[in-house]
Amino acid sequence: MSLRLLRVSAPVCRRGGCVLGFVSICFIAGSLRLVGVAQSAHSAEWYFRPAVSGPYGSGDGTSYDNAWHVNASAKTQGAIDWSFVRPGDTLFVCGTHDGGYRDNSLRPILSGEPGQEIIIDGACPILPGAQCGDLGAESPDCDPGVMFAAGYRLLGRNQWQQVEGSAGADGGAVYYRRNSGCTRAQVFEGTELRLNRVQDSPSDPGLPAISWSSWPAGSFWQPANACSLPSDDPMYRILFYKPSVGTAAGDRAVYTAHGSPILFLRSLNYYRVRNLSLRNAATSNGMIQVSDSDHVSIESNELRWAGNIAIAIQSGSDNGQIVGNTIHDSANGIYFLSSRDSDNSNNWIISRNEIFDIDQEFYYGDRDSHGLGIQGGSGHQINRNHIHHGGGSGITFYTFPAQTQSQNIVEYNFVHDIYDIGGGGRNERGIEHGSSNKDLPSATLGNIVRYNIVADTGGIGLRVKSRRSTTASVTWSLLNNVVYNAGVSFAWSEYSSAQEAIPPGFLLQNNIFMNPVSGRHLQQDGHMGFDLQGIEMSHNVYFPDGEPGSESFGWQNLRFDSLAQWQAVSGQGQASMVSDPQLEDPVGGDFLWSGNPGVIHGYGNFMPVVSSPAVDAGATELQGLDIRGQPSIEIIDIGAYEVVIEPD
C-alpha cells in the first residue's frame, strides 16, 4: 500500500469569517481522504449588545447588526458563545448593559496565545472600520461599551408605596417596597446617580438614623436585619428610597448592586481588556478579577462604583499590565491578593492610572481601603500613577509570614489628599510597607521607592516595616521623594514583640520632608532598644526644624526637638540639613511630571528653585532620571526634581 501526505493551502471558515489554513490530504491506495485542518493566525470580530434593544438579526455575534444579546434561551447559558472566541479575535462590547447578571457578565473560556491575544474592547464600531479610540469616541459611528452590574432592576409603576408622614420640606417623600435581595452596599437611580445611604439608628437598627421627613433627596436605606428576618415579617427585605426628584412612580429604574465580577478571567492567558466602562459591582473578588491568568493587559478602562475592589489580581497571575485606566468612587482601586508565595502575582506594570475618590466619606465601610494594595509578589513596576482623594492609603505593600516581596520599583507617582473624612478610623498614609514577615530574613529585598511626590495626608507620608537583610542587599530604599504636609513625614517600625526582637533595615536618602502637620519628621513605632545597624538615613532635607517640646525626631525610646540633637545621639543623618527647600509653589502651582497629562493644573509645583539648598546636595552615587524624565547632571539634587540651571 502506498501512502503520500500532501499539505495545500485552503480557506477555513467558521462563524465570524474565513481564514487561510492548511488542509492535510492523505492519498491511500489511489483514494483521497481528509485527515486534518491546521489553522493559521486569524482575527475575527464578535459583537455583544444590550438585551433591552434586541433582538439583533440572526443574533450570532458576527456583526453589530447581528450581535449576541440576552434573550429567552441565553438567560440560562449566557448571551455570548465563548467557544467561538479564539486566539487573535476581538469581542466588541457595545452599548449600555444594565439588564441583570447575564447581560453584564463576561466569562471567557479559552486562552489567547503569544502574538494572538484575545481582545475585549469597549470601543465598539457600528460601521465596519470605524475608528472609535479609547473608551469609544463620541461619534455616531461608535457605540461605547458600558457594563452596569445591576443585581436587580426595580421599575416604579405600582410597586413603590409612600411612607406615611415622610414628605419633607422639599416636597419629596420616601417610598418602600420589598426587594428581591439585600442591597446595603449601594443603590442607584438610573445608571449615573449613586444614592446617598441613610444610616441605621444607633438605638434601634430597625429604624433610620434620621426622621423620614428629613431625608435628603436621592437617598436609600435598608434595615440591618432586613434579610435575617422571617419571610413573613413586614420588614423582610424592605428597601426604602427617596427619589432625587419627583416620585417613585412610572418607569424610573432603581438598581441594586451585583455581587459577582463583571469580567472574570480564571486560568486564561493572553488577554487584552480595553476601553470599557464598568460600574456598580459589590463583590470582594473585584469588578475585574484576574485569577491564575498570565499575560493579561487591562488598559484605558473606566471603573466606577466598585463596592469592594475595582481590579483584583490573585492566585499567581504573572506578567501583566494595568495601564491608563481611570478608577474612582470605589472602596479600593487595584488590589493584589495573596497570603503565601504560591499565590503571589509577579512582574506587573502598573502605570499611568488615575485612581481617585477612594471612599474618603466611608460610604462602603471598609477600613482596608487603598488606591493600590499589594500583598506579596515581586518584580512590579509601579510608575506615573496619579492617586488622590482616598480615605485609607495611596499605595500599600504588605507581606504575611514567610511571604516574598522583592525587586519592586515604585517611582514617579503623585499621591495626595489622603484623608478619612468619614470617620472610619483608617490610616491615611501615602506610600507604605507593612508586614508580619518574621520568618524569612531574605524574603524582602531590593524594593525601591523613588522620585515620588506625597502631599497632604492625614497620617504618615512614607512608612516602612522591614527587617534588616542578612545579605548585602537593602530591603527597602526610599530615595529622592518629596513629602509635603503629611501628618508625620516618615515612620518606621520593626517586626518585634516583647519576647522577640527583629532588627529593622532600610535606606532613607535624598528626600525632602516639609511641613509635617504634627510637627514630627521622623517617628519610630513599636518596641525600642533593639539593634538599628541596618538603618541608614542621610542626605535628607527637613523643614522646619522642631520647636521646643515638638519631639520632631525619634530614635529608640527618645524624642528630640531638633535635627542636630537627633544626629548627635543616633549617629545618623550624614549630610542632612534643616533648611527651606524653596519649592516653587507647593500649594497652588501646576504639577509637572512625565505622567499623563504632563501638567496637572493647580495641584502644586514641588520643584526647588535654582537657589534651593537641595540643588547638588544629594548622594553622588545615586544617578537616574527625575520625575519629569530629566537626567541628573554631576551631583544629584535632593528631592524628586533635577533642577536645570540654564547657562548665562
Review point. What number of residues in the range 400-431 are of a type in the set (A, V, I, L, M, F, W, C) and either surrounded by fewer than 17 Cβ atoms within 10 Å (Cβ to Cβ) or modelled with pLDDT under 95 (or both)?
Key: 4
Check your understanding: Of all residues in the range 578-611, how many are open to solvent by less than 50 Å² (accessible area, probe 1.4 Å), among the hydrophobic types (A, V, I, L, M, F, W, C) and farther than 14 Å from Ile627 by Cβ?
Key -> 1
Review point. Of the residues that sit in the range 531-547 and are part of a loop (DSSP other than H, G, I, E, B) and in contact (Cβ under 8 Å) with a residue 40 or more places away in the chain, which one is surrounded by the fewest Cβ atoms within 10 Å (Cβ to Cβ)?
Key: Gln533
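Results for (1) surrounded by 14 or more Cβ atoms within 10 Å (Cβ to Cβ); (2) more than 31 Å from the chain's Cα centre (by Cα), shown as yes or no for each residue.
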{"residue": "Gln199", "(1), (2)": "no, no"}
{"residue": "Pro216", "(1), (2)": "yes, no"}
{"residue": "Asp232", "(1), (2)": "no, yes"}
{"residue": "Tyr236", "(1), (2)": "yes, yes"}
{"residue": "Ala249", "(1), (2)": "yes, yes"}
Check your understanding: If you scan the range 91-109, which residues turn out to be at pLDDT 90 or above, under 21 Å from Asn275 (Cβ atoms) and outside any strand (DSSP E or B)?
Key -> Cys94, Gly95, Arg107, Pro108
Practice item. Run down Ile327, Ile313, Ile395 and say which single residue is in contact with a Leu (Cβ under 8 Å, 6 or more places away or on another chain), in a strand (DSSP E or B) and more than 22 Å from Leu263 (Cβ to Cβ). Key: Ile395
Exercise for review: Being touching a Gly at 6+ places or on another chain (Cβ under 7 Å), aliphatic (A, V, I, L, M) and in contact (Cβ under 8 Å) with a residue 12 or more places away in the chain narrows it down to one of Val410, Val415, so name that one.
Suggested key: Val415
Check your understanding: Of everything in the range 621-648 that's touching an Asp or Glu at 6+ places or on another chain (Cβ under 8 Å) and without any contact (Cβ under 8 Å) to a residue 24 or more places away in the chain, which residue is most open to solvent (accessible area, probe 1.4 Å)?
Key -> Glu634
Review point. Which one of the conditions (1) open to solvent by less than 20 Å² (accessible area, probe 1.4 Å); (2) touching a residue at least 40 places away in the same chain (Cβ under 8 Å) does Glu302 fail to meet, given that it meets all the rest?
Key: (1)
Check your understanding: What are the residue pairs meeting all of these: first residue in the range 163-174, first residue of a type in the set (Asp, Glu), second residue surrounded by 10 or more Cβ atoms within 10 Å (Cβ to Cβ), Cβ atoms under 7 Å, and 6 or more apart or on different chains?
Key -> Asp170/Ala217
Exercise for review: Considering every residue within the range 233-243, establish whether at least one is touching a His at 6+ places or on another chain (Cβ under 9 Å), part of a loop (DSSP other than H, G, I, E, B) and not β-branched (Val, Ile, Thr).
Suggested key: no
Review point. From the set of residues in the range 548-577 that are in contact with a Ser or Thr (Cβ under 6 Å, 6 or more places away or on another chain) and more than 30 Å from Glu642 (Cα to Cα), which is surrounded by the fewest Cβ atoms within 10 Å (Cβ to Cβ)?
Key: Asp561
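The values are calculated or read from the model by the stated rules, or taken from the named source; none is laboratory data. Keep in mind the model is a prediction, meaning the values are calculated, not measured. Quick reminder, even Gly has a Cβ in these numbers, built from the backbone with ideal geometry, and neighbours come from all protein chains shown. All accessible areas refer to the heavy atoms of the entire protein, side chains included, with ligands and DNA or RNA removed. Shrake-Rupley method; radii C 1.70, N 1.55, O 1.52, S 1.80 Å.
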